[in-house]
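To start, the structure itself, in C-alpha cells.
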Amino acid sequence: MHALCIQTLGMAVGHGVRCLSQLAELPELHQMMRQTCRDYAQKELAPIAAQLDKDHKFPAKQVKELGAMGVMAVEVPESLGGAGMDYLAYCLAVEELSRGCASTGVIVSVNNSLYLGPILKFGTEEQKKQWITPFTTGERVGCFALSEPGNGSDAGAASTLAQQEGDEWVLSGTKAWITNCWDASATVVFATTDKSLKHKGISAFLVPMPHPGLSLGKKEDKLGIRASSTANIILEDCHIPLGNMLGERGMGFKIAMQTLDSGRLGIAAQALGIAQAALDCAADYAHKRTAFGAPIGKLQAIQFKLADMALAIESARLLTWRAAMLRDAKKPFTKEAAMAKLAASEAATFVSHQAIQVLGGMGYVTDMPAERHYRDARITEIYEGTSEIQRLVIANNILKEYQQ
Amino acid sequence: MSARVLVGVKRVIDYAVKIRVKPDHTGVVTDGVKHSMNPFCEIAVEEAVKLKEKKLVKEVVAVSCGPQQVQETIRTALAMGADRGIHVEVSGKDYETLGPLQVSKILAALAKKEQADLIILGKQAIDDDCNQTGQMTAALLDWPQGTFASEVNIEADKLKVVREVDGGLETIKIKLPAVVTADLRLNTPRYATLPNIMKAKKKKIANVKPADLGVDVSSRLEVLKVDEPPQRQGGVKVETVNDLVRKLKEAGRI
C-alpha cells in the first residue's frame, strides 16, 4: 500500500501533474538521492565543517567525491556527464549537504545553478561540450560574475565593458563578491556591449580561469561560509574569442535574471540546510541540558521556540519544493522562487538566532556548531538577490496578477 | 568468468536509532522507525560489486526476504551496482518469526534456482546478532564457507579468504561454489551515486514466495519475552585491595 502510494506519486510527479496536497511523501527516487546526500553530509562533511571554517579551506577532496556522485551537475543530462535528474532532486541535495557544511552547499549550488545553469540553457552545443562536461566531475568548478563594486542589486548598471576588436572580445572592468573564484576554472561574466541600450546592452561571456587579463582580488575575510572563496575578478584588457559569447548580444541581463531565478532556489535549499542543522543542535540540547530540575525541553519557553523554528523551516521547505516542481513542470515560477528564497533565508537567520538562545552560553562559543550556523545563515538574506529585491519581485508579480 | 553472485541484504532498524521495547514486551518498536540496510550487508554488496568491476563475476543479484518495504533495501543494493533483485515475500506473523534457518533455506533454494557460484552475506544482522545464516546456508548446500572475511580473492576456481578470528587472521582456500560472510574491515561501502540511483529505477526486482521455492517459513522458535538490558548501576569505590577482594567474594564473583 505504502509503495503503491509512492509509485502513484512518482508517476504523478513524473508526468508533470503536480499537486502539493498529494505530496505527502517524495517519490522513491528523490528519497533515495536525499538519503545518499544526507549520509555523505553527516559522515564526510559535518565532522570537518568546523575545521574548514577555521582554516577558510576549500574542500577540494569532498568536491571531487561529490562530483563522482553526480552532485556537482544534477540537472545536466547524462550525455554531457551530469546526473540527469530534476530541480527538486537538486534542491534536496543542496539542503542535505548544507546541513553538513554550508560552505560546501554554496560551492555545489554556484556550480550547478549559476555556472552550469546558464550554459545549459543558452549555450550552443559546442559551448556545452567545452564548458559543461569538464565541470561535472568535481575536478573543476565554475563561478558567476555579475555584481560589481558599484552595483549589486542594480545589476542593470553594469560598468564592465566588452569591446569587439577584430575576432576577439576585449573585456575590462571589475566584478565583486564572486563566490568560488579562487578555486574556479571558468566564469560566466556579464559586460556591457552597448552602453546606450542600458540593461538591454549587456551580454554574457565565458572566460577560462586562469587567463591573461583576468586577475583575482584578495580573498574576502567573511563572517560565514568561510570555506568558499569570495573575491573580486579584475579584467584588464582580457581577450577572448568571439565564440565565447553566451547567448546573443544584448541578452545578458535576461540570462542573468533567469539564472538567478533558479539560483535562488539553490540558496533557499542552502538556507534550509543551515536552519535544519541549527534546529538539530537546539532540539538535541533541549533534551540533554537540565535546569530547574528537568531537561530544558520541558520548559514552555523552549518549546515555543522549537515550535516556531520547526514551523519556519517546514513552511520554507514546502515553498522551495513547490517552486522547484513548478520549474520542473516548465511552468512560471519566478514569484514562488522569490518567496522560497525569502522565506528560507529569513528562516535560517531566525532559527540560528534562536538556536544560540536555546544553547545559552554554549551557543556563543565554538565548542558547539550553533555559532557557525548563525554566521553562515546571515549571507543567505543577501546574495543571489537580497530579501528586499525578493519582496520587489513578489510584489511586481502580485500587482501583475491583479492588473486592471 | 560466468560467475553469478547472490548477495543477501536485510532491512533492519537504522544503527543510529534508539531502540525501544514494546509495552507488551513481545518485541521492539518498528512502526514509524527509520530502517536501512544492515551495515554488514552493505559491505557484502560492495564486495560483490567490486568483484564485478574487476570482471571476476558477471552478475550480482540482490535478495531480501520480507514485506513490501524490503524493496527499498533491494533498490539501494541496485543503486550500489547490483544488476537485479529478488524479493522473497514474507509478511505478517511469518515475518515476525523469520529467522536464520528459514532464510538460509530460502537462499539455498535460490542459489540452486539461479545457479549461483558465490553467495556473499553480512556476517550478522545488527538486530538479532545471530551470525548463523551464512553458515547454515553453506551447510544446506554442502558448500565450503569463508566467514568473517576481511579479504576475498578469486584465484581460478578457488577462493582465498582471510578470516578475522580471535587469534588473529586466518587464511583459507576454498573451492567455488562457496558462501562468504563479510566482516567490518572487508571494504568501505560506496555512496550510491545519482546516476546509479537513476539506473536502479530501471533494474528488475522479481517477486517470489517461499512456497514457490518449497520452503516452509514457520518457526520452531517462540519468543517468550523481550526486555531492555538492566539499567547500569553505579559502581562502588573501595579504599584498599583487601576491601576489593572482600567485596568481590561477597558478590560471589571470586
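Each reported figure results from applying straightforward, stated rules to the coordinates on display, with no laboratory input. Remember, predicted model here, so these are calculated numbers, not experimental data. Positions of Cβ are generated from backbone atoms using ideal geometry, with glycine treated the same way; all protein chains shown enter the neighbour counts.
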With a Förster distance of 51 angstrom and the Cβ-Cβ distance between A:Ala283 and B:Leu176, calculated FRET efficiency to the nearest 0.05 equals 0.50
Can you list the lysines whose alpha carbon sits under 23 Å from that of A:Lys298, skipping same-chain ones fewer than 8 residues off? A:Lys288, B:Lys18
What is the angle, in °, between the Cα long axis of helix A:300-328 and the longest principal axis of the Cα atoms in chain A? Nearest 10 is fine, range 0 to 90. 40 degrees
Taking only C-alpha positions in segment A:28-141, Rg and Dmax in angstrom work out to 13.6, 42
Gain on full stretching of the segment that runs from A:Ala291 to A:Asp154 - 0.36 nm per residue minus C-alpha separation: 44.3 nm
On the principal axes of its Cα set, how long, how wide and how thick is chain B? Give whole Å, largest value first. 68, 43, 38
Between segment B:181-248 and segment A:123-164, the Cα center-to-center distance that results, in Å: 51 Å
Helix-only mean residue ellipticity at 222 nm for the protein assembly as shown, each DSSP H run of n ≥ 4 adding -39500 (n - 2.57), per residue, nearest 500: -13000 deg cm²/dmol
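Could you give the Stokes-Einstein D for segment B:149-254 in µm² per second, using the C-alpha Kirkwood radius, 10 °C, 1.306 mPa s? Spell out each step's value before the answer.
Details: Rh = 21.3 Å.
The diffusion coefficient I find is 75 µm²/s.
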Distance from segment A:30-92 to segment B:122-151 (C-alpha centre basis), Å: 35 Å
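Using the membrane-span-like helix rule (whole DSSP H runs, Cα extent along the own axis of at least 15 Å, mean Kyte-Doolittle hydropathy at least -0.5), which helices of chain B qualify? Walk me through the intermediate numbers first.
On the way: long enough: B:39-53 (21 Å, 0.15); B:70-80 (16 Å, 0.46); B:100-114 (20 Å, 0.29).
Those that pass (Cα extent of 15 Å or more, hydropathy at least -0.5) are B:39-53, B:70-80, B:100-114.
Taking the convex hull of the Cα atoms, report for segment B:110-198 its projected area averaged over all directions, in nm². If you can, show how the numbers build up before the last one.
Values: hull surface 30.3 nm².
That works out to 7.6 nm², a quarter of the Cα hull's surface.
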For the Cα atoms of chain A, what angle does the longest principal axis make with the long axis of helix A:28-40, in degrees from 0 to 90, nearest 10? 90 degrees
Give the average, rounded to an integer, of partner chain Cβ atoms located within 10 angstrom of each Cβ in A:26-36. 5
Quick calc of log₁₀ I(q)/I(0), the protein assembly as shown, Debye, one scatterer on every Cα, no solvent, q values 0.06, 0.08, 0.12 1/Å, result -0.42, -0.71, -1.27
Using only the alpha-carbon atoms, how far is helix A:87-100 inclined from the longest principal axis of chain A? Give it as 0 to 90 degrees, nearest 10. 60 degrees
Specify the inter-centroid distance of segment A:236-275 and segment B:21-77, based on alpha-carbon positions, in whole Å. 42 Å
Roughly what would the spin-label model give for B:Asp216 and B:Lys18, points 7 Å off Cα along C-beta, in nm? 4.4 nm
Checking a compactness column here: for segment A:143-252, what do you get for Rg(Cα) / (2.2 N^0.38 Å), N being the number of residues? 1.02
